[in-house]
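Peer 1: Please read through the structure below; I'll follow up with questions.
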Amino acid sequence: MDGQEFAGTMPVPDRQRFDEAALERYLCTHVAGFSGPLTAEMFRGGQSNPTFLITAGNGAQCVLRRKPAGQLLPSAHAVDREFRVIRALHGQGVPVAEPLCLCEDESVIGTMFYLMSYVRGRNFWDARLPGMSRSERAAIYAEMNRVLVALHTVDFARLGLADYGRPGNYFARQIARWSGQYRASETERIEAMERLLAWLPLHIPPGDETALVHGDYRIDNLIFAADAPRVLAVVDWELSTLGHPLADFSYHVMLWRVGAGEIRGLKDADLAALGIPTEAEYVAAYCKGTGRAPIEPEVWEFCMAYNLFRIACIRQGIMKRVLEGTASSRHAREAGQRARETAELAWRQVEEHLGG
């Protein structure tokens, strides 16, 4: 898939339109220096919370994230949580956009929304980073690793996020949560999902840790400076919570296990020629950065299976929204249709690495 299909903005589709005049009145009152007339465009990328580029009358730009219209799954699309976490992290060593305001009054544009600064920079959809030198690619990957280490080692309690999630039993709680989300959005029976739903809760590795986790840490959710291998902002915090850092990190490292998808992965790539670290090298750098011991292979492979299961659940939710006509992205149907193959890949992971 060509990632450029997801890049940039487009006119707001009819199903995503809102009262721009009402938004303009609200922002002129609640955002310092904002003035009309307001114009809105919609970002092409993303499947979940619709995201818009808002331009003020003086040319200043900011970004609006809102809940989708229509009936939503419980606890999904929590834009108020996104706002809370970026407000806590701003200026604390984890790069995020500056939070501007949160509007919980649904009468303004029909749903809750928040506003943040518009961060200009580079966004990558192909993890092989075509057109770059070996050293440039190596620097990009080192920076991705560094930022995730910074997130997982931040003192979340000091930032006022001690109650941002429940500590302990993260895998058990997440498997139960995603199982419920899957059942709520199920549109057909998928045998591999049935096996995963039964197997995963019974094979959670012992031990537990708690860190602030992003939940969707991918190269395309990072905005890099135009002229340096530096992350300016991590975006899309919808799935962030307090959780197990290895769940978050292994999700990110699945990039090495996949070929094509919403972004192009690294499977079968000549990593040495590209200057990109191997999976083992990248994991070792993370362990060194966080000061943790090497990860046991069976724990690591469980994390991989869990994350594939989670992605299958997310894709199933997208498919449900497609059928209901509330999906925010024009690429949603293609993503939703991949729920089955993702579940089957997850079950193969269990069979091949964990004796399922």
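Peer 1: Taking residue 325 and the conditions (1) out of contact with any helix residue (DSSP H, G or I) (no Cβ under 8 Å at 6 or more places or on another chain); (2) surrounded by fewer than 19 Cβ atoms within 10 Å (Cβ to Cβ), which numbered condition does it fall short on, given that it satisfies the others?
Peer 2: All conditions pass for residue 325, except number (1).
Peer 1: While we're here: For residue 162, only one of the following conditions fails: (1) within 22 Å of residue 249 (Cα to Cα); (2) modelled with pLDDT under 95. What is its number?
Peer 2: All conditions pass for residue 162, except number (2).
Peer 1: Let me ask another. Cβ contacts < 9 Å: first residue modelled with pLDDT of 95 or more and surrounded by fewer than 13 Cβ atoms within 10 Å (Cβ to Cβ), restricted to the stretch 273-301; second residue assigned to a helix (DSSP H, G or I) and not aliphatic (A, V, I, L, M), any location; separation 6+ or different chain. Result?
Peer 2: 273/134; 278/256; 291/153; 293/287; 294/287
A quick yes/no check of all residues on (1) at negative phi; (2) surrounded by 14 or more Cβ atoms within 10 Å (Cβ to Cβ); (3) in the same structural domain as residue 274 (by TED's automatic domain parsing):
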| position | (1), (2), (3) |
| --- | --- |
| 129 | no, yes, no |
| 138 | yes, yes, yes |
| 185 | yes, yes, yes |
| 188 | yes, no, yes |
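Peer 1: Across the stretch 142-152, what is the total count of residues that are surrounded by 17 or more Cβ atoms within 10 Å (Cβ to Cβ) and either out of contact with any Pro (no Cβ under 6 Å at 6 or more places or on another chain) or assigned to a loop (DSSP other than H, G, I, E, B) (or both)?
Peer 2: Result for the stretch 142-152: 7.
Peer 1: Taking the stretch 229-253 as the region of interest, how many residues are within 25 Å of residue 52 (Cβ to Cβ) and outside any strand (DSSP E or B)?
Peer 2: Count: 6.
Peer 1: For the stretch 163-187, enumerate the residues that are in a loop (DSSP other than H, G, I, E, B) and in contact (Cβ under 8 Å) with a residue 12 or more places away in the chain.
Peer 2: Listed by number, the residues that qualify are 164, 165, 166, 167, 168, 169, 186, 187.
Peer 1: Within the group 220, 216, which residue is in the same structural domain as residue 307 (by TED's automatic domain parsing), under 19 Å from the mean Cα position of the chain (by Cα), surrounded by 18 or more Cβ atoms within 10 Å (Cβ to Cβ) and assigned to a loop (DSSP other than H, G, I, E, B)?
Peer 2: Of 220, 216, the one residue that is in the same structural domain as residue 307 (by TED's automatic domain parsing), under 19 Å from the mean Cα position of the chain (by Cα), surrounded by 18 or more Cβ atoms within 10 Å (Cβ to Cβ) and assigned to a loop (DSSP other than H, G, I, E, B) is 216.
Peer 1: Related question: Is it the case that some residue within the stretch 337-345 is at pLDDT 90 or above and either surrounded by 24 or more Cβ atoms within 10 Å (Cβ to Cβ) or in the same structural domain as residue 256 (by TED's automatic domain parsing) (or both)?
Peer 2: Yes, some residue in the stretch 337-345 is at pLDDT 90 or above and either surrounded by 24 or more Cβ atoms within 10 Å (Cβ to Cβ) or in the same structural domain as residue 256 (by TED's automatic domain parsing) (or both).
Peer 1: So, of the residues in the stretch 211-245 that are without any contact (Cβ under 8 Å) to a residue 40 or more places away in the chain and in contact with a helix residue (DSSP H, G or I) (Cβ under 9 Å, 6 or more places away or on another chain), which turns out to be farthest from residue 302 (Cα to Cα)?
Peer 2: Looking at the filtered set, the residue picked out is 228.
The values are calculated or read from the model by the stated rules, or taken from the named source; none is laboratory data. Computed from a predicted model, the values in this text were never measured in an experiment. Here Cβ is always computed from backbone atoms with ideal geometry, including for glycine, and neighbour counts include all displayed protein chains.
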